[in-house]
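The values are calculated or read from the model by the stated rules, or taken from the named source; none is laboratory data. This is a predicted model, so every value here is computed, not measured. Here Cβ is always computed from backbone atoms with ideal geometry, including for glycine, and neighbour counts include all displayed protein chains. Just so you know, the surface numbers come from the protein's heavy atoms only, side chains and all, with ligands and any DNA or RNA stripped out. Shrake-Rupley method; radii C 1.70, N 1.55, O 1.52, S 1.80 Å.
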Amino acid sequence: MGPGIVNGPLDGFVVVDLSSGIAGAYCTKLLADGGAEIIKVEAPEGDPLRQWSASGAEIATGDDGALFSYLACSKHSVVADPDTDEDFVNALLADADAVVWSRGSTIAEAFPPAEIHRAHPHLTVTAITPFGLEGPWKDRPATEFTLQAWSGGIVGLGRGSPDRAPVFVGGQVGDYLTGAYASAATMASRMRGGAELIDLSMLECHILGLTYYPVTYFEMLGRPWRDARRLTVPGIARAKDGLIDIGCGTAQQWFDLCAMTGHQDWIDEESPLSITEQANDKSDDLYAWVESQTVDEIRDLATAFRIPNAPVANGANIESLDHFQARGSFISNPRNGFTQPGPPYRMQPAQLRPPQPAPRLGEHTNHYRRNRVPGRQCGDLATRNSISRQLPFEGLRVLDMTTFWAGPSCTHMLAMLGAEVIHVESTRRPDGTRLIAGIPITEEQWWEKSPIFSGLNTNKKGLTLDLQSAAGRELLMRLIATCDVIVENFTPRVLDQIGLDFAAAQAVRPDVVMLRMPGFGLDGPWRDNPAFAYVIEAASGISWLTGYPDRNPYEPYSVGDPNAGVHALNALLLALEHRRRTGQGVHIEAAMVDAALNIAAEQLIEYSAYGALLQRDGNRGPTAAPQNLYRTNETDEFGRRDCWVAVAVATDEQWAGLRDALGRPDWATDPTLATAGGRRRHHDLIDEQLNAWCERRTGDKIVEALWSHGVPVAKVMQPHRQSELPQLAVRGFFEDVDHPVNACTPHSTLPFTSTRGPDRVHVQSAPLLGQHNHEVLTELGLSDKDIDDLEAKGGVIGTAPAMHDTKVG
């Protein structure tokens, strides 16, 4: 470590935390792990999270819940009275670099983010709200559950079974995703000197984390990704001795699964059906085969066949899994001793700060009243926060060796915020998202018509290199010498085979930052297992809480990838700060599963601290009662009685609003229902009454009635209808993107806006395969003849695929 950063790359970065709830707490936890000084300002009654337990465990007066003790590690707590301590809070803000703000406390309401930005223009003010600070929905009530509904995430990628209501992704994952985006946005702001108000929308974070570019897909291809719910097969299935997740993300994996189960006769490379449809057709036989084997037997076979697989983890069994034991994935909470996940990424020589005990309420109040912020001089603020660049990553050159979703989502955020990102593919193995659109290979330039590739790769340059060839590897090393950052998300063996490790990269670029995003990490028994979102979700516990209690869990099939991408971005920002301070290159390991373990932490924490195993419960959940989906009187666009609204009553005041919206029927005025405990005990009764009320109304009428009475409610949107939401239109979340092959199509952007811009995010369409070969290779000193020879005499580069593997999805 260089001088002055013994506590992490963000040592000296001061953040005032005016948030409450998981999103803000997780944001500032990530910043604290990076070494930032977090001053949590609480009202006298304290953050409600101090009294939270998802299992309902009793928390003694004056004590704190285990989740709070996890999220508040390494922070300081000061108490401020909103009526008398305005000067004290303003003094803290004046000496800080950033503030993280959300609604939910009297102290936050006394300091609105726009007023903070006006009074303290040097600050990065990161405001976290359900829908954003502006727009027609800016003051509408919402919960994690209703935001999932508005986003289309409840319908997701066709998750679940058509014989029941669709189901949300359990575990409050949207709140954690929001926190990770807020942390990355705050650090990115720091890179350009702060002095801005960042307006972050939780809805938009849900869209990016729980759906797969559905608007772009629908508008480009004229059909939704999925038009019906169906189980993924085998997916999560019951073996002799437990649950296992087995998946097929590509045609080759389906063929290998057929061979593994002794059904080579099922392999039909000419089948008009997608592999998902073929697997569903054989589901009974596949489930019977799984049930005849043990989990370990299946996992050994699947791993040998390179088929994605994982045990289904939960709070009770996750500590015992051999891979996590080998990697030391879990640590003891420094204050209370329960078990919690370690950090979501690892890096060398830069170091994260070891977690320190969470603060008691007001523990540091006197310290800050006496000393303000230790060692800080207000006169230094203008110099420290000098505005240096238009966009955070301008001037940064990134070699993007990623594919599918997790890695490209990380590098896409870099490209959207100004970095020069060179996306490397090969003609033999193009980016996997080019192959999942179902475009017939008889169509001209079929590989350029993938809406998923387009959605993930705007603003990037496209280069093809065959890294199996000596010439391709030599050019890769020449390119690395010109790059600040390398990002890759292959299984570790791929880079082993081509001899590219951190030492090799440093040999040509000593200060390079190398970000590796393996599914299960660079060591441990699962190291070389293929990792798609669904097996990451199963192995980390996310799947366990998704679905109905009387059925196997459902695969969320979404959050594992973008969650890994935004956590990797956080790690990269820390590494860049370390390099800025020391001149050293940094090696980062941002395993997908480590990021997932952190957002599923509550299961392990509740079991370790209280012995409580959290369970899935359909659309009910611990944060609200009632909370459920209710069918409306409408027919959906596919001709089905499958239209729903989501309702979540999180407070007694919201219950009173619901009661009034319903016209105060006799059943709703029962005093027993006036408390959360009473409503939870009588949830079946409430569901019965709400079902009857909603079935006579349209979704729009229900939303209008309940929102006007302060009740969180949402229509369960089909994901491809996101662009119809007026709030997103006002915020400009979708931008039309022209393309040389495809029609102009709306693309989602970033989940936040800023007073410093950019005014437009997408400035260039996703690259055609090899589109920038000539430009990039010329910069490396190659002549036109050299470049022509690379394509003509061995296919080292090219602009069309040299292989066809299109039956995926």
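Per-structure values
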item	result
Per-region count, segment 460-514, residues open to solvent by less than 10 Å² (accessible area, probe 1.4 Å) and of a type in the set (Lys, Arg)	1
Segment 578-591, residues that are open to solvent by 10 Å² or more (accessible area, probe 1.4 Å) and in a helix (DSSP H, G or I)	Arg579, Arg580, Arg581, Thr582
Test result for Asp523, assigned to a loop (DSSP other than H, G, I, E, B), surrounded by fewer than 20 Cβ atoms within 10 Å (Cβ to Cβ) and at pLDDT 95 or above	yes
Yes/no for Arg551 being touching a His at 6+ places or on another chain (Cβ under 7 Å), surrounded by fewer than 24 Cβ atoms within 10 Å (Cβ to Cβ) and basic (Lys, Arg)	no
All positions within segment 48-61 that are part of a loop (DSSP other than H, G, I, E, B) and touching a residue at least 40 places away in the same chain (Cβ under 8 Å)	Ser53, Ala54, Ser55, Gly56, Ala57
Whichever residue in segment 761-780 is open to solvent by 60 Å² or more (accessible area, probe 1.4 Å) and not in a helix (DSSP H, G or I) and, among such residues, is farthest from Glu735 (Cα to Cα)	Gln771
Which numbered condition Ser74 misses (of (1) open to solvent by less than 30 Å² (accessible area, probe 1.4 Å); (2) among the hydroxyl-bearing types (Ser, Thr, Tyr); (3) at pLDDT below 95)	(3)
Any hit, segment 625-632, residues being hydroxyl-bearing (Ser, Thr, Tyr), on the phi < 0 side of the Ramachandran plot, open to solvent by 50 Å² or more (accessible area, probe 1.4 Å) and in contact with a Lys or Arg (Cβ under 7 Å, 6 or more places away or on another chain)	no
Some residue of segment 209-227 being at pLDDT below 95 and open to solvent by less than 10 Å² (accessible area, probe 1.4 Å)	no
Index of the failed condition, Thr669 passing every other in (1) hydroxyl-bearing (Ser, Thr, Tyr); (2) in contact (Cβ under 8 Å) with a residue 12 or more places away in the chain; (3) open to solvent by 40 Å² or more (accessible area, probe 1.4 Å); (4) under 30 Å from Asp700 (Cβ atoms)	(2)
Where Thr84 falls short, out of the listed (1) touching a residue at least 12 places away in the same chain (Cβ under 8 Å); (2) open to solvent by 10 Å² or more (accessible area, probe 1.4 Å)	(1)
Subset of segment 534-547 [at negative phi and either in a loop (DSSP other than H, G, I, E, B) or surrounded by fewer than 24 Cβ atoms within 10 Å (Cβ to Cβ) (or both)]	Ile542, Thr546
Within segment 353-400, considering residues that are in contact with a Gly (Cβ under 6 Å, 6 or more places away or on another chain), modelled with pLDDT under 65 and loosely packed, with under 15 Cβ neighbours inside 10 Å, the one farthest from Val79 (Cα to Cα)	Ser388
Residue in segment 554-577 that is open to solvent by 10 Å² or more (accessible area, probe 1.4 Å), farther than 27 Å from Gly12 by Cα, part of a helix (DSSP H, G or I) and at pLDDT 95 or above present	yes
Which numbered condition Pro758 fails, given (1) part of a loop (DSSP other than H, G, I, E, B); (2) buried (at least 16 other Cβ atoms within 10 Å of the Cβ); (3) touching a helix residue (DSSP H, G or I) at 6+ places or on another chain (Cβ under 6 Å)	(3)
The one condition in (1) in a loop (DSSP other than H, G, I, E, B); (2) of a type outside the set (S, T, N, Q); (3) over 26 Å from the mean Cα position of the chain (by Cα) that Ala531 fails to fulfil	(3)
Test for Tyr607: is it closer than 27 Å to Gly24 by Cα, within 18 Å of the chain's Cα centre (by Cα), buried (at least 21 other Cβ atoms within 10 Å of the Cβ) and aromatic (Phe, Trp, Tyr)	no
Residue ID - modelled with the highest pLDDT, chosen from residues in segment 425-451 that are surrounded by fewer than 22 Cβ atoms within 10 Å (Cβ to Cβ) and closer than 20 Å to Val494 by Cα	Thr427
Within segment 433-481, tally of residues that are closer than 21 Å to Leu777 by Cα and part of a helix (DSSP H, G or I)	12
Of residues in segment 234-266 being open to solvent by 20 Å² or more (accessible area, probe 1.4 Å) and of a type in the set (A, V, I, L, M), the one farthest from Phe734 (Cα to Cα)	Ala259
Positions within segment 314-334 being buried (at least 19 other Cβ atoms within 10 Å of the Cβ) and more than 23 Å from Glu555 (Cβ to Cβ), in sequence order	Arg327, Asn333
Wholly enclosed helices (runs of 4 or more DSSP H) of segment 282-360 bearing at least 1 residues closer than 17 Å to Ala237 by Cα and not acidic (Asp, Glu)	283-291, 295-304
Residue under evaluation Thr303, criteria (1) among the β-branched types (Val, Ile, Thr); (2) open to solvent by 20 Å² or more (accessible area, probe 1.4 Å); (3) closer than 14 Å to Tyr607 by Cβ, criterion not met	(3)
Test: residue in segment 727-749 that is surrounded by fewer than 20 Cβ atoms within 10 Å (Cβ to Cβ), more than 21 Å from the chain's Cα centre (by Cα), hydrophobic (A, V, I, L, M, F, W, C) and assigned to a helix (DSSP H, G or I)	yes
Test: residue in segment 90-109 that is under 24 Å from the mean Cα position of the chain (by Cα), over 16 Å from Ile38 (Cα atoms) and at pLDDT 95 or above	yes
Residue list for segment 184-205, filter: outside any helix (DSSP H, G or I) and either open to solvent by less than 10 Å² (accessible area, probe 1.4 Å) or within 14 Å of Leu576 (Cα to Cα) (or both)	Arg192, Gly193, Gly194, Glu196, Ile198, Leu200, Ser201
Those residues of segment 75-93 which are out of contact with any Lys or Arg (no Cβ under 6 Å at 6 or more places or on another chain) and outside any helix (DSSP H, G or I), in sequence order	His76, Val78, Val79, Ala80, Asp81, Pro82, Asp83, Thr84, Asp85
Among residues of segment 302-317, those that are modelled with pLDDT of 95 or more, under 19 Å from Pro525 (Cβ atoms) and out of contact with any Pro (no Cβ under 9 Å at 6 or more places or on another chain), counted	3
Filtered residue count, segment 94-137, keeping only those that are open to solvent by less than 50 Å² (accessible area, probe 1.4 Å) and in contact with a Lys or Arg (Cβ under 8 Å, 6 or more places away or on another chain)	9
